[in-house]
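J.: Pasting in a structure now, in structure tokens, and then I'll have a few things to ask.
The values are calculated or read from the model by the stated rules, or taken from the named source; none is laboratory data. A quick note: this is a predicted structure, and the numbers were derived from the prediction, not measured. Note that each Cβ is placed from the backbone with ideal geometry, even for glycine, and that neighbours are counted across all protein chains shown. Accessible surface areas use protein heavy atoms only, side chains included; no ligands, DNA or RNA. Shrake-Rupley method; radii C 1.70, N 1.55, O 1.52, S 1.80 Å.
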Amino acid sequence: VYTEVEETEAAVEPDELLRELEALRRENAELKRSLEEAQKVVKRVMDEGGTLLSQYKIKHDHITFHESVGEGAFGTVYRGALNDKPVAVKTVRATKVTSETMKEFRGEVAVMAPLSHPNLVNMLGACWEDGPDKLCLVLEYCANGSFDRLLTGNDGAAACSSRNHGIVLDVSEALRYL
């Protein structure tokens with residue numbers, strides 16, 4: 001049995017739902033405009049890099065994403081795979097896409113991608129044409145973790161060992177290469 005209060009609430013509910021739906025549509029349209037503007041920034045800045053960078057282009061759908069392994073200033077870092085090879089994928093949040101961050105992104109690709117040395121983490125390429133929400137750098141995956149953890153171990157105390165001596169020599173070889 002309906003009461004008058006229930007009838008009034010039922011009558012108001014569709015109007016409220018319509019307002020919420022319209023608010024969601026406006027928000028969606030704004031997000032779409034924001035993504036379109038971000039893609040224009042990505043295209044403009046990456047086109048300034050010329051054809052030199054095109055050899056390092058990777059399609060986003062060629063990357064398989066696994067678990068998150070860390071957070072950076074501009075996005076999340078994931079363990080993933082590219083052509084069945086383990087990789088680290090540094091993503092850029094679409095909200096962080098500005099001319100300045102894109103110039104940094106382009107600079108990182110231009111400097112890091114051509115480098116190849118066994119004692120450096122090599123960049124395999126980057127995604128920038130599949131949309132600002134798919135902007136990422138693809139690097140070799142380091143299964144042993146971060147450099148500082150490798151040197152200090154899990155307890156955080158630096159250890160003087162023959163292993164660390166070898167690491168220091170490898171680092172010096174990489175620096176000489178650079």
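J.: Within the accessible area of the chain, what % is carbon and sulfur when the probe is 1.4 Å and the other protein chains stay in place? Before the final figure, lay out each step's value.
T.: Details: 6600 of 12040 Å².
For the chain, the apolar C and S fraction of the accessible surface comes to 55 percent.
J.: Distance in nm between label sites at Ala110 and Leu17, each 7 Å beyond Cα in the beta-carbon direction?
T.: 5.5
J.: Provide, for q = 0.09, 0.15, 0.20 Å⁻¹, the log10 of I(q)/I(0) from a solvent-free Debye sum over equal Cα point scatterers in the chain.
T.: For the chain, the Cα-only Debye profile gives -0.48, -0.95, -1.34.
J.: Hey, another quick one. Helix 99-112 versus the longest principal axis of the chain: what angle, 0 to 90°, nearest 10, using Cα atoms?
T.: 30
J.: Okay, next question. Please compute the per residue accessible area over the stretch 57-99 with all protein chains in place, 1.4 Å probe, rounded to a whole number of Å². Write out the running numbers ahead of the final one.
T.: Details: 2550 Å² over 43 residues.
That works out to 59 Å² for each residue.
J.: Rounded, prolate or oblate: which fits the stretch 23-126 when a ≥ b ≥ c are the square roots of the eigenvalues of the alpha-carbon gyration tensor, with rounded for a/c under 1.5 and prolate only if a/b beats b/c? Present the calculation step by step, with values, prior to reporting the outcome.
T.: Numbers: a/c = 2.13, a/b = 1.40, b/c = 1.52.
It comes out oblate by the Cα gyration axes.
J.: Multiply the residue separation of Ala81 and Tyr177 by 0.36 nm, subtract the distance between their alpha-carbon atoms, and state the gained length in nm to one decimal.
T.: That works out to 31.8 nm of additional length.
J.: On a 1.4 Å probe surface of the protein chains, which of Met112, Met123 comes out largest in accessible area, and what is the full order? Before the final figure, lay out the partial values.
T.: Values: Met112 60, Met123 10 Å².
Listed by decreasing accessible area, they come as Met112, Met123.
J.: List the lysines whose Cα lies under 23 Å from the Cα of Lys40, skipping any in the same chain that are fewer than 8 positions away.
T.: Lys32, Lys57, Lys59, Lys90, Lys96, Lys103, Lys134
J.: Checking the a/c ratio against 1.5 first, then a/b against b/c, what shape does the Cα gyration tensor give for the stretch 69-129?
T.: Values: a/c = 1.92, a/b = 1.28, b/c = 1.50.
Oblate, since a/c reaches 1.5 and b/c is not below a/b.
J.: A further question on this structure: Would you please put 86-99, 49-62, 24-37 in order of how densely packed they are, using the mean number of other Cβ atoms within 10 angstrom per residue and starting with the highest?
T.: On the way: 86-99: 18.7, 49-62: 13.4, 24-37: 11.0.
Going by the mean number of other Cβ atoms within 10 Å, highest first, we get 86-99, 49-62, 24-37.
J.: Follow-up question, since we're still on this one. Please report the base-10 log of the normalised intensity I(q)/I(0) for the stretch 8-61, using a Debye sum with one equal scatterer per alpha carbon and no solvent, at each q in 0.15, 0.20 (1/Å).
T.: Cα-only, vacuum Debye calculation for the stretch 8-61: -0.64, -0.82.
J.: Would you work out if the stretch 31-90 is rounded, prolate or oblate? Take a ≥ b ≥ c from the square roots of the eigenvalues of the alpha-carbon gyration tensor; rounded if a/c is under 1.5, else prolate when a/b is larger than b/c, oblate otherwise.
T.: On the way: a/c = 2.14, a/b = 1.37, b/c = 1.57.
Cα axes put the stretch 31-90 in the oblate bin.
J.: Using only the alpha-carbon atoms, how far is helix 162-177 inclined from the longest principal axis of the chain? Give it as 0 to 90 degrees, nearest 10.
T.: Compared with the principal axis, the helix lies near 80 degrees.
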